[in-house]
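A.B. asks: Before I ask anything, here is the structure I am working with.
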Amino acid sequence: MSVDHDLGTKRPTSTPVDYRRTFGWPVHWQNGTLNFVIGAGIGAVAVPRARAEQVLENLARQGCRGPALSVPTKHGSVVIFLVEADILGSDAEFLPRDVRVLTAGTSIPMPGTHGPADLARWIVPPDPQQRWLPSLTAVLAAIRSAGRYR
């Protein structure tokens, strides 16, 4: 699955997923946008779009693929990997400079709100049949591995 292909202008045709009820994710509405709030064992890692495709391939090869979404920022598009926060942030010291482990309390806009601010897109949508998130450790390893082959 290519990042470029999945970042198109597709809009969901069904009703938005109830992320709180289906996945137990901490979400809230703010200014007409549904936001995911990092914390309580759930984390996220922001990776520049140019690096994300190799990371997605590495995660798929490891059998650790989980939800990932594209979000535009003022510095360009990033792909955000949702993770189970299984380690402390000190392991993030050894990441490429353009990769960020997002801190608790950070809000991430979620896809599917059908409003004018609906700019986020799923690259790997969450699967109600497979509700687990990959570990932060696995995602960081996939990012480091992707950096070696660039």
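The values are calculated or read from the model by the stated rules, or taken from the named source; none is laboratory data. Note that this is a predicted model, so its numbers are computed, not measured. Quick reminder, even Gly has a Cβ in these numbers, built from the backbone with ideal geometry, and neighbours come from all protein chains shown.
A.B. asks: Among residues belonging to region 107-131 that are of a type in the set (A, V, I, L, M, F, W, C) and at pLDDT 90 or above, point out the one that is nearest to Thr22 (Cα to Cα).
C.D. replies: Met110
A.B. asks: Here are some residues: Ala104, Ala44, Ala50. Which one is in a loop (DSSP other than H, G, I, E, B) and either modelled with pLDDT of 90 or more or in contact with a His (Cβ under 7 Å, 6 or more places away or on another chain) (or both)?
C.D. replies: Checking each option against the conditions leaves just Ala104.
Okay, residues lined up against (1) farther than 20 Å from Trp132 by Cβ; (2) under 12 Å from the mean Cα position of the chain (by Cα):
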residue: Pro26; (1), (2): no, no
residue: Gln30; (1), (2): yes, no
residue: Phe36; (1), (2): no, yes
residue: Leu56; (1), (2): no, yes
residue: Ile87; (1), (2): no, no
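A.B. asks: Could you pull out the residue among Phe81, Phe94, Phe23 that is among the hydrophobic types (A, V, I, L, M, F, W, C) and at pLDDT 95 or above?
C.D. replies: After applying the criteria, what remains is Phe81.
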